[in-house]
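These notes concern the structure reproduced below.
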Protein chains: 2
Amino acid sequence: MAKWIVETGYEDIPEVVKKEGKRSLLNWLGVAVGAAYHPAVDIVLSMVEEVGGKEQASLLGRKEKLNILFAALVNGMTSHMFDFDDTHLETVLHPSSPVAPVVFALGERYNLSCKDVLTAFILGAEAECRISQAVYPDHYEVGWHITSTAGNFGAAAAAGKILGLDIKQMTYAFGIAASQASGLKEMFGTMTKPYHPGKAAMNGIMAAMLAAKGFTSSEQGIEAKTGFANVLSTKQDYTQITGKLGEHWELLKNSYKPFACGIVAHPTIDAVIKLRKQHQIRVEEVVEIEAYVNRLVPILMGKENPRTGLETKFSTYHCAAVALLDGKAGEEQFSDERAQAEDAVALRKKVRLIVKPEINKDEAIINIKLNNGTILTEHVEHAVGSMINPMTDGDLQEKFYDLTKGILPEENIHKLIQLMFKFEEVAKVNEITALCSST
Amino acid sequence: MAKWIVETGYEDIPEVVKKEGKRSLLNWLGVAVGAAYHPAVDIVLSMVEEVGGKEQASLLGRKEKLNILFAALVNGMTSHMFDFDDTHLETVLHPSSPVAPVVFALGERYNLSCKDVLTAFILGAEAECRISQAVYPDHYEVGWHITSTAGNFGAAAAAGKILGLDIKQMTYAFGIAASQASGLKEMFGTMTKPYHPGKAAMNGIMAAMLAAKGFTSSEQGIEAKTGFANVLSTKQDYTQITGKLGEHWELLKNSYKPFACGIVAHPTIDAVIKLRKQHQIRVEEVVEIEAYVNRLVPILMGKENPRTGLETKFSTYHCAAVALLDGKAGEEQFSDERAQAEDAVALRKKVRLIVKPEINKDEAIINIKLNNGTILTEHVEHAVGSMINPMTDGDLQEKFYDLTKGILPEENIHKLIQLMFKFEEVAKVNEITALCSST
């Protein structure tokens with residue numbers, strides 16, 4: 001794999017893969033900017049202020065610049081903050097959050113073209129997805145946060161590509177990455193979770209910079225008896241790593257969340273929004289929202305009376321309510337304010353979840369019962385954002401807009417959307433990052 | 001344990017423990033200074049130069065100052081470079097290399113007394129030794145470099161103590177540390193091995209700084225179902241962590257290596273040096289050095305024709321030869337030069353290893369046969385540096401001198417030895433670090 005990363009160039013990557021890479025980066029940039037003012041960021045910045053560093057790369061959505069290590073740390077953290085970033089569904093890895101911050105920070109520092117940045121991103125994402133597949137599901141099930149552990153390899157590969165490592169150096173970068181791979185699922189629900197991909201990004205840059213200068217490591221950091229795959233997993237399938245490299249692309253399986261909450265509630269939200277669009281529903285006429293759902297919905301998203309924004313993310317009741325009230329379920333709909341809003345509290349009491357064994361994970365049937373006896377029905381077979389029914393470019397634009405408005409100037413947002421879709425034609429990534437500075 | 005670390009002060013620590021803490025720090029400082037000019041250090045420095053940072057804490061044995069994170073990284077790395085640092089024999093953890101760099105860097109930055117530095121060091125070391133015991137041996141056997149993984153907790157605890165965390169913050173610091181714990185045994189023999197404790201030291205400072213500012217994490221980072229102990233080990237014995245805290249001290253089990261090579265060759269070296277002291281042996285009269293040794297000796301240290309300095313560290317033949325030629329086996333005896341020196345090459349051919357099942361790991365019987373028929377015999381029952389026969393203060397002074405001469409000015413070395421033995425009386429740790437600047 002090290003050899004393949006070193007030897008693969010922009011021209012070797014198929015158009016469809018580049019297209020998906022650009023969609024990934026647009027989605028990633030939106031979620032990163034959207035969380036730029038989260039309290040966790042200020043905490044990291046106060047640490048950075050204490051230790052210092054050059055001003056080399058932008059904090060997306062803010063004004064500060066930090067050195068490449070800390071910029072990658074913060075941008076990696078913000079992009080996973082809302083759990084609203086992309087997902088490689090097969091392994092539940094979030095491919096962009098550990099890798100995109102690396103290529104943006106190094107791209108800005110070394111004044112690179114967007115072509116080079118896109119190439120390094122795609123290769124890094126491919127590396128981490130494939131390494132994830134080699135150890136998934138055992139690795140994840142035992143308790144590792146795979147975005148964090150495998151993210152170290154993606155970050156190191158992307159950084160190594162940009163720094164121009166040779167094959168031996170790239171192998172060593174993977175070795176150093178293997179020995180820095182960490183991150184536990186126990187941290188879910190705390191700031192340490194989004195810190196994981198940020199730290200992986202930072203670690204990856206360190207690994208590549210050290211390897212570039214001759215730092216030595218194992219040449220079998222992944223596959224050795226006491227290497228990554230054997231120590232952190234009971235399953236090892238190395239054909240997933242090196243099989244059909246350059247022919248088969250994991251990035252094509254990347255998916256994007258239309259709604260800022262747990263994925264099993266997405267079919268319900270999708271159906272309610274569809275009904276809202278089709279009918280003129282007056283909320284005061286709604287008697288009940290009946291939702292036929294997969295068995296996982298009440299288990300993972302069954303909170304009936306959420307009190308905080310974070311809790312609403314685990315409440316299908318709240319999801320259905322805001323979907324009808326607001327016609328969307330973006331980060332805004334999951335604020336502390338919206339959690340306690342009268343209209344949301346009242347409407348979510350009218351939501352009833354009914355588990356049906358035959359309903360799939362990306363499926364839901366919704367009946368909205370009105371006080372005149374009418375029942376409005378919608379059956380979503382594959383929710384938007386699923387592999388079969390992916391978000392359109394238009395959906396991604398709208399998501400980007402919703403996440404960045406109020407943080408970036410309006411005109412920058414529109415310009416960014418334009419530029420991100422023709423990313424490879426933009427001469428320098430600095431043109432992009434310059435537009436990501438807050439108002 | 002978080003509560004105990006927060007609430008334990010200098011006065012609560014028994015004198016014998018403080019004494020061992022000082023011996024640990026003296027030994028640590030020597031090995032750190034000794035490796036200050038290793039090529040791996042220059043590689044890390046070139047990375048640091050690229051990203052920048054404040055000049056806050058000294059690189060021991062050099063002139064540079066780096067920010068606290070990078071100073072801890074480099075000093076942690078140098079102190080483990082020669083594999084000549086201290087060992088908690090029960091868990092093969094090296095207690096000082098991840099923790100001492102933290103307390104020195106923060107102590108220097110915040111102009112602390114040596115009392116405070118010693119307290120934080122002892123508590124951090126106690127934390128990591130106990131957490132190691134909770135998961136050893138399973139954790140180590142599966143492939144984790146325990147100095148790296150458990151070192152993260154020691155570093156976070158020590159940093160948290162210095163930064164004055166409250167109990168909740170200390171708990172979170174442990175949580176962040178749990179999610180940064182990494183480091184694989186596969187890296188042994190490469191620069192990534194000594195990088196481990198350095199990175200653990202750096203990680204630990206980050207964990208404590210973040211927790212100090214309100215960064216949240218799990219409150220059960222160690223013991224939760226998907227926490228450190230369950231994910232990284234098949235054994236969990238939590239009584240090792242919290243049992244008899246403040247009564248029983250693991251640091252009292254710390255040991256120091258008199259010789260800069262694998263520990264199973266130590267009884268042989270000890271015996272040969274003893275014979276050299278007792279008799280006027282002319283090397284040209286030696287016909288054979290017959291060594292009755294433990295079964296592990298040829299397995300771990302059986303290299304007959306070592307070509308490099310690193311290889312000589314795995315050659316009991318070379319060890320016995322230099323012990324007789326030089327009367328010591330310090331870092332100097334394991335240089336590339338000494339590996340190829342004529343006298344060493346010739347003499348190690350006369351060494352014969354004979355395994356005896358009844359010989360213990362810290363035992364050896366040596367017969368030096370001379371060409372006049374004389375046989376000189378020495379039976380070492382417990383090699384110097386073992387728990388039963390620890391290095392004396394004088395031995396530690398001599399080791400410190402050998403490691404630092406040529407790097408620090410002579411007068412500084414003598415002053416440092418003096419100060420390290422009355423460490424708690426030194427007003428500021430800056431008085432110590434000022435003496436560690438190279439000539």
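Every number here is computed from the coordinates shown, using simple stated rules; none is lab data. Please read all numbers here as calculations on a predicted model, not as lab measurements. Cβ atoms come from the backbone with ideal geometry, glycine included; neighbour counts cover every protein chain shown.
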Within 10 Å of each Cβ in B:206-213, the average number of Cβ atoms from other chains
5
So between A:R307 and A:D326, what do we pick up on full extension, going 0.36 nm a residue minus the alpha carbon distance?
5.0 nm
Roughly how many nanometres apart are two label points built 7 Å out from the Cα toward the Cβ at B:E90 and A:E141?
3.5 nm
What nm value, rounded to one decimal, do you get for the distance between A:T374 and A:K277 when each label is placed 7 Å out toward the C-beta?
1.9 nm
If a helix is a whole DSSP H run, which ones in chain A reach 20 Å or further along their own axis (Cα) and hold a mean Kyte-Doolittle hydropathy of at least -1.0?
A:15-34, A:114-135, A:146-163, A:192-212
Chymotrypsin sites (Phe, Trp or Tyr not before Pro) in segment A:181-237 lying in a DSSP loop, each with at most 11 other Cβ atoms within 10 Å of its Cβ, come to none
State, to one decimal in nm and shortest first, how far the label point of B:I375 sits from each corresponding label point in the other identical copies (label point: 7 angstrom along Cα-to-Cβ).
10.1
For B:E288, which inter-copy label distances result when the label point lies 7 Å beyond Cα on the Cα-to-Cβ vector, reported in nm to one decimal and in ascending order?
9.6
What is the Cα convex hull volume of the protein assembly as shown when expressed per residue in Å³?
159 Å³
Kindly provide the GluC sites (Glu not before Pro) of segment A:170-251 that DSSP labels as loop, not H, G, I, E or B, and whose Cβ sees at most 12 other Cβ atoms within 10 Å.
A:E247
Which distance in Å, rounded to a whole number, links the C-alpha centroids of segment A:25-50 and segment B:23-44?
36 Å
Which residue is it, in chain A, that holds its beta carbon closest to the axis of the A-onto-B rotation, and how many whole angstrom away?
A:S182, 2
Over the Cα atoms of segment B:344-439 the radius of gyration and the largest Cα-Cα distance (Dmax), both in Å, equal 20.2, 60
Assume the label is 7 Å from Cα along Cα to beta carbon: what separations in nm does B:N389 have to the matching positions in the other copies?
7.8
Inter-centroid distance (Cα atoms) of segment A:147-195 relative to segment A:259-334, Å:
36 Å
Run the simple label-point estimate for A:F421 and B:K405 please: 7 Å along Cα→C-beta, distance reported in nm.
7.5 nm
Residues with amide H under 5 Å from that of B:L184, placed H, sequence gap 5 or more
B:H145
From the convex hull of the Cα coordinates of segment B:263-380, what is the mean projected area in square nanometres?
6.2 nm²
Taking the Cα atoms of chain A, report the difference between the largest and smallest coordinate on each principal axis, in whole Å and largest first.
75, 48, 41
Taking each residue in B:170-179, count the Cβ atoms of any other chain within 10 Å of its Cβ, then average. What number comes out?
4
Arrange the peptides A:319-325, B:1-7, A:236-242, B:288-294 so that the one whose residues have, on average, the most other Cβ atoms within 10 Å appears first.
A:319-325, B:288-294, B:1-7, A:236-242
For segment A:340-414 and segment B:203-224, distance of Cα centres in Å:
35 Å
Expressed to one decimal in nm², the mean projection of the alpha carbon convex hull of segment A:1-146 is 9.4 nm²
